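The values are calculated or read from the model by the stated rules, or taken from the named source; none is laboratory data. What you are looking at is a predicted structure, and each value in this text was computed from that prediction instead of being measured. Cβ placement follows ideal geometry from the backbone for every residue including glycine, while neighbour counts extend to all protein chains displayed. Remember, those area values only see protein heavy atoms, side chains included, never the ligands or the DNA or RNA. Shrake-Rupley method; radii C 1.70, N 1.55, O 1.52, S 1.80 Å.
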Amino acid sequence: MKEITIVRTSNPKKKPDYSNLGFGKYYTDHMFLMDYSPDLGWHDPRIVPYGPISLDPAAMVLHYAQTTFEGMKAYRTGDGRTLLFRPWDNFRRLNSSDNRLCIPQIDVDFAVEAVKTLLRVDMDWMPTEVGTSMYIRPFVIATEPHLGVRASNSYLFAIILSPVAAYYPEGMAPVRIYVEDEDVRAVRGGTGEVKAGGNYAATIRAQNKAAEKGYTQVLWLDGVHRKYIEEVGTMNVFFLIDDTVVTPALTGSILPGITRMSCLEMLRSWSIPCEERLISVDEVKTALRNGRIREAFGTGTAAVISPIGHLAFGEETYEINNGSIGPVSQRLYDELTGIQWGRLPDKYGWTTEV
Ligand code: COI
């Protein structure tokens, strides 16, 4: 494995108020960087003081959004260990995103080692308050100055760390979701099933519209028929319909979430029936009217398990489970976070110690 050089900051920053972290507002003292060039491949892995990155104004990422990212978390356990949750899966997904955007592949084991080394350097930033964790944001950007549309020849792979609390200001309180019927997020064959930066830029307008109406996030419909449920804002979505948990199948425009996959594994291990399939808006509306949707929730690294208390289709709004968290969502949350924070045995082998 390549050796990671470490240059420590001579000017450590003041730590934030750990009881009021919010999400993605603070960054630690160091960052990991590694360059790519066609002759050297990925080279010069290094940990350096956190700070601005210098880019040529013609760098291709700035014009054509050739960039991918990941989101994962490290957790401090009660007995003082630091655990990462399924980091290999995140870097495998980064490689799948990079493949879609013609960015060179990264060695998954090396990337996990880079995260662990960076966490060790910034261990004094690790939050310990209940419900907090270290959010890890690896990303790749195209750095070559060039205005023709083609793949860049040079890239930067970076990892930054941000101590965080809950993603939504609501915390574990159920969120209000607006079903978006104008903008679409993705179509099959596009980039919806990978973590490309541009995917998220295209969602902001609908998110603003939902926020103006008093909703936390939007629920996206498929881009072709505008009929099937895809995902919610930054999360995958699940419904408990009667006794079966249903989530949209990965049809090519939905992000294959690591938390989504973990929830399905937990549900199956509890013998709760689960279906990955197409779910139409009409099916959801009818089931809501008939009182058959007992719970709905979103899943994601940042959002964890986020119960959905209200769903709005234009002026038509529905309350789910009296606007409160239901037993299946709660059980998933307890088991998942129990494993992540080391309170429960990791019978699935999902965590790795830093
Ligand atoms: C994550 O859950 O880690 C994500 O990548 C969502 C992010 C856009 C906040």
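Observations
- Taking the criterion of being under 15 Å from the mean Cα position of the chain (by Cα) and open to solvent by 10 Å² or more (accessible area, probe 1.4 Å), the residues of region 218-235 that qualify are 233, 234.
- Scanning region 252-301 for residues that are among the hydrophobic types (A, V, I, L, M, F, W, C), within 16 Å of the ligand (Cβ to nearest atom) and part of a helix (DSSP H, G or I) gives 258, 261, 263.
- Residue match in region 303-316 (condition: more than 16 Å from the ligand (Cβ to nearest atom) and free of Cβ contacts under 8 Å to residues at least 24 places away in the same chain): yes
- If you filter region 105-126 down to residues that are in a loop (DSSP other than H, G, I, E, B) and open to solvent by 20 Å² or more (accessible area, probe 1.4 Å), you find that the one that is farthest from the ligand (Cβ to nearest atom) is 107.
- Leading residue by the ranking (surrounded by the fewest Cβ atoms within 10 Å (Cβ to Cβ)) among those in region 32-89 that are among the aliphatic types (A, V, I, L, M) and within 19 Å of the chain's Cα centre (by Cα): 65
- Scanning region 45-57 for residues that are free of Cβ contacts under 8 Å to residues at least 12 places away in the same chain and not small (Gly, Ala, Ser) yields a count of 1.
- For region 127-171, a residue qualifies if it is surrounded by fewer than 20 Cβ atoms within 10 Å (Cβ to Cβ), away from the ligand (no atom under 16 Å from the Cβ) and either free of Cβ contacts under 8 Å to residues at least 60 places away in the same chain or closer than 25 Å to residue 333 by Cβ (or both), and the qualifying residues are 128, 129, 130, 148, 150.
- Residues located in region 268-320, provided they are at positive phi and modelled with pLDDT of 95 or more: 271
To keep it simple, each residue is scored yes or no on (1) within 18 Å of residue 351 (Cβ to Cβ); (2) of a type outside the set (A, V, I, L, M, F, W, C).
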| site | (1), (2) |
| --- | --- |
| 81 | yes, yes |
| 93 | yes, yes |
| 103 | no, no |
| 108 | yes, no |
| 115 | yes, no |
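- Scanning region 330-345 for residues that are of a type in the set (S, T, N, Q) and touching a residue at least 40 places away in the same chain (Cβ under 8 Å) yields a total of 1.
- Residue in region 318-332 that is over 20 Å from residue 172 (Cα atoms), under 24 Å from the mean Cα position of the chain (by Cα) and surrounded by 13 or more Cβ atoms within 10 Å (Cβ to Cβ) present: no
- Selected residue (criterion: farthest from the ligand (Cβ to nearest atom)) from residues of region 191-245 that are polar (S, T, N, Q) and under 18 Å from residue 167 (Cβ atoms): 208
- Of 64, 18, all but one fail to be away from the ligand (no atom under 16 Å from the Cβ) and modelled with pLDDT under 95; the exception is 18.
- Unmet criterion (only one of (1) in contact (Cβ under 8 Å) with a residue 40 or more places away in the chain; (2) within 14 Å of residue 308 (Cβ to Cβ)) for residue 247: (1)
- Members of region 42-74 found to be in a loop (DSSP other than H, G, I, E, B), of a type outside the set (Ser, Thr, Tyr) and within 27 Å of residue 120 (Cα to Cα), listed by number: 51, 52, 53, 70, 71
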